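Student: Before I ask anything, here is the structure I am working with.
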Amino acid sequence: MKITAVKGFNDILPEDSPKWQFIEKIARNTFHSYGFSEIRIPIVEKTEVFARSIGEATDIVEKEMYSFPDRNDLSLTLRPEGTAVVVRSFVQNAIYAKKPVNKLYYFGPMFRYERPQKGRYRQFHQIGAEIFGAAEPMADAEIMSMIMRFFTEVGLTGLSLQINSLGCDECRKVYKEKLVEYLTGHKENICDNCTRRLKKNPLRFLDCKAASCNELKTNAPSILDSICGACADHFKSVKNYLDALNTPYEINDQMVRGLDYYSRTTFEVTTNMLGAQNAVAAGGRYDKLCEMFSGPKTPAIGFALGVERLILLLDTSKDYERKTKLFIAALGQEARDFSFKLINQLRAKNISCEMTYSDNSLKSQMRRAGKNESQHVLIIGEDEMKSGSAIIRDMSTKEQTSFSLDDITNKIMEYCS
Ligand code: HAM
C-alpha cells in the first residue's frame, strides 16, 4: 500500500532545508537586533481562540479552519495563524506584567483549508512578530522597517510595502455605512458572497476577487476619507517615521486584510513574481484584541510572513547548503580504524566530516565524496599508515597537500577553517 501526504501538506526535503535554515537564522538575527524574544506556542488551541478574534464572517473562520472534537468533545482547531495564540498566551501568562513593552516572535506551521496552488498550501509556515504595549506610531514604523530590512538581508529586492489605515471602531462604522450605501446601489453587480456578507461584514468586499466586484472597487468610497482626526494624525506620523527610516511605501486604501481584529495601521509586503498569491508578509495594529481575551487594555501591532512564498522568491543561483568539510577515504583495516577515531575527534571540534561504513575501493569512496560535495578529501591507505603521512586534496582547486599523521587533528582543523 502506497501512502502519500495529505493534499496541500508538503515535505521539506533535505535539499531544501538549508534555505529554511538560512531564512530562520536571518530572522532571528534581525529580530534580536530590534529587541524581540522568541515565544513558542501550541499548534492546537480551543476553537474559541480563533472564532471570535479573527471574525465569524471571515473566510478563515467560515470555511478554512481544521476544527475537530477531541475525545472529550472539546472543539479544538489547528492554528490558522499565530496572533490570536500569542495574545491568548500573553494574557494567560501575564506577560504584560513583566515589561511595559513586550516584543515577541514565533516560527511554525499554520493550517488553512484553502485550495492548494503555487504559494498557497493547507499547511504553510509563518514567521511572525508582535509588539505589545505600544500605541505610538513609532512602533508601527519600526516593525514595518524591520520586516523590510529582513527582506533586504535575505537578498530580496523589488518588494512593495503597501500601507493603509482602517481607523478606529468609530471610523469604521462611518465607513461601513458609506460602503453599504454604495454597494446597495450596485446590488445586481456584487457577487453572492459579498451580498450575503453585506450586513455582517461589508469590508470583505474590498478583499473579494470576483471579477464583478473588482470592477466596482474603482469607484468605491475610500476608508481614508472616513477616518477621524486622531486616526488621521496617527497615520500621518507613521508615514513620517517611515520616511525618516528611509523605508519606501505605497498607500493602498483598498487593503482591508482577511482578519477582523485590525484597527488603524494595516500593511502588506507584496511581489509581482507570485501571480495571485502576491502577499509575502502582512500585518497591522490590533489594539482591542487583548481585551477580547479578558486581558488588560494593551495596544499591539505585528505581522507574519509566509515562508514558502519567500522561498519561491529566493535567488536560486546562491548556494545555501552547508557542505561536508572533509571526507576521509580510508583503505585497509588499519587506516580505517585510525580514521574512525580521527573523524570522531574532528566532529568534536565542529568540523563536519564523513567516511564510508564499508571498505570500498578508492574510486567508490571518491565518488561518495563527490556526492557529499565535500570540500576536502583526506586519503589514507596502508602506505600512508606506514610512511606516517597522508594527502589532503582540495576538491575545487584539486591542489594536494601532504600532512604528517602526528598531530593531524590540529593540522586538519587549521587547514579546513
Ligand atoms: P495573513 O495575511 O493571514 O495574516 O497571513 C500572513 C502571511 O502568511 C501571508 O501574507 C502569506 O505570505 C502567508 N500565508 C497565508 N496563507 C497562506 C497559505 N495558505 N499558504 C501559504 N502562505 C500563506 C496573519 O496570519 C496575521 N496573523 C498576521 C499578523 C501578525 N497580524 C498581526 N500580527
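Student: Given that compact globular proteins tend to follow 2.2 N^0.38 Å, what is the ratio of the alpha-carbon Rg of the stretch 1-119 to that value? Write out the running numbers ahead of the final one.
Tutor: Details: Rg = 17.0 Å, N = 119, 2.2 N^0.38 = 13.5 Å.
My calculation over the Cα atoms of the stretch 1-119 gives 1.26.
Student: Right, another one. Of P116, A94, Q126, which is farthest towards the positive pole of the stretch 93-133's charge dipole, taken about the Cα centre with +1 and -1 on the beta-carbons of Lys, Arg and Asp, Glu respectively?
Tutor: Result: P116, furthest along the dipole toward the positive end.
Student: Still on this model: Can you pick out the pairs among K173/K288; K2/K46; K46/K209; K46/K173; K217/K288 whose Cα atoms lie more than 23 Å from each other? The partial results should precede the final answer.
Tutor: Working: K173/K288 16 Å; K2/K46 34 Å; K46/K209 31 Å; K46/K173 30 Å; K217/K288 28 Å.
Listed pairs above 23 Å: K2/K46; K46/K209; K46/K173; K217/K288.
Student: Another question, then. Is it possible to state the helix-based mean residue ellipticity at 222 nm for the chain, with each DSSP H run of 4+ residues giving -39500 (n - 2.57), the sum divided by total residues, to the nearest 500 deg cm²/dmol? What is it? Let's see the in-between values first.
Tutor: Details: 14 runs with 150 residues, N = 417.
When only DSSP H runs of four or more count, the value is -11000 deg cm²/dmol.
Student: Also: Would you grab the residues whose amide H sits under 5 Å from the one on C228? Only those 5+ places off in sequence or on another chain, please, with H modelled 1.01 Å from N.
Tutor: C168, C171
Student: Rounded to whole Å, give me the distance from the Cα center of the stretch 275-313 to that of the stretch 97-117.
Tutor: For the stretch 275-313 versus the stretch 97-117, the Cα centre distance is 7 Å.
Student: Multiply the residue separation of L13 and D359 by 0.36 nm, subtract the distance between their alpha-carbon atoms, and state the gained length in nm to one decimal. Don't skip to the answer; put the middle values down first.
Tutor: Numbers: separation 346, 0.36 × 346 = 124.56 nm, distance 2.93 nm.
In short, 121.6 nm is gained.
Student: Now, a different point. What is the gain in length, in nm to one decimal, between Y182 and K386 on full extension, counting 0.36 nm per residue of separation less the C-alpha to C-alpha distance? List each step's numbers first, then the result.
Tutor: Details: separation 204, 0.36 × 204 = 73.44 nm, distance 9.11 nm.
Result: 64.3 nm gained on full extension.
Student: Rg(Cα) of the stretch 146-305 divided by 2.2 N^0.38 Å? Mind dumping the intermediate values first?
Tutor: Details: Rg = 16.5 Å, N = 160, 2.2 N^0.38 = 15.1 Å.
Rounded to two decimals, the normalised Rg is 1.09.
Student: Sticking with this structure for a sec: Could you state the orientation-averaged shadow area of the convex hull built on the Cα atoms of the chain, in nm² to one decimal? Kindly include the intermediate steps, with their values, before the conclusion.
Tutor: Numbers: hull surface 109.6 nm².
Its average projected convex-hull area is 27.4 nm².
Student: I need the Debye-formula profile for the stretch 326-416: one equal scatterer per C-alpha, no solvent, reported as log10 I(q)/I(0) at q = 0.17, 0.23, 0.25 1/Å, two decimals.
Tutor: Relative scattering, expressed as log10 I(q)/I(0), comes to -0.63, -1.27, -1.54.
Student: What lysines does K318 reach when the alpha-carbon gap must be under 27 Å and sequence neighbours fewer than 8 apart in one chain are set aside?
Tutor: Within the straight-line limit of under 27 Å, K318 reaches these lysines: K19, K25, K118, K371, K398.
Student: For the chain, just give the cysteines left without a disulfide-compatible partner, judged by no other Cys Cβ under 4.7 Å.
Tutor: Those would be C168, C171, C191, C194, C228, C231, C290, C353, C416, since no other cysteine Cβ in the chain comes under 4.7 Å of theirs.
Student: Angle, helix 362-371 long axis vs. longest principal axis of the chain, Cα atoms, 0 to 90°, nearest 10?
Tutor: With rounding to tens, the tilt is 20 degrees.
Student: OK, next. Remind me, relative contact order of the stretch 280-417 in percent, using alpha carbon pairs under 8 angstrom and six or more residues apart? All intermediate terms of the calculation are to be shown ahead of the outcome.
Tutor: Working: 184 pairs, mean separation 28.0, N = 138.
Answer for the stretch 280-417 is 20 percent.
Student: Can you compute the charge dipole magnitude of the chain about its Cα centre, using +1 on each Lys and Arg Cβ and -1 on each Asp and Glu Cβ, nothing else charged? Give it in debye, rounded to the nearest 20.
Tutor: Working: 57 positive and 54 negative charges, 134 e Å.
For the chain, the charge dipole is close to 640 debye.
Student: In the Gaussian network model of the chain, springs joining C-alpha atoms below 10 Å, which of V377, V269, V86 carries the largest mean-square fluctuation?
Tutor: For the chain, modelled as a Gaussian network with Cα springs under 10 Å, the answer is V377.
Student: Run the dipole for the stretch 97-165 about the Cα centre, Lys and Arg Cβ at +1, Asp and Glu Cβ at -1, nothing else charged, and hand back the magnitude in debye, nearest 20.
Tutor: Working: 9 positive and 6 negative charges, 84 e Å.
Charge dipole, the stretch 97-165, about its Cα centre: 400 debye, nearest 20.
Just so you know, all these numbers are worked out from the coordinates, no wet-lab data involved. Values in this document were obtained by computation on a predicted structure and should not be read as measured data. Neighbour counts are summed over all protein chains in view; Cβ atoms, including those assigned to glycine, are modelled from backbone coordinates with ideal geometry.
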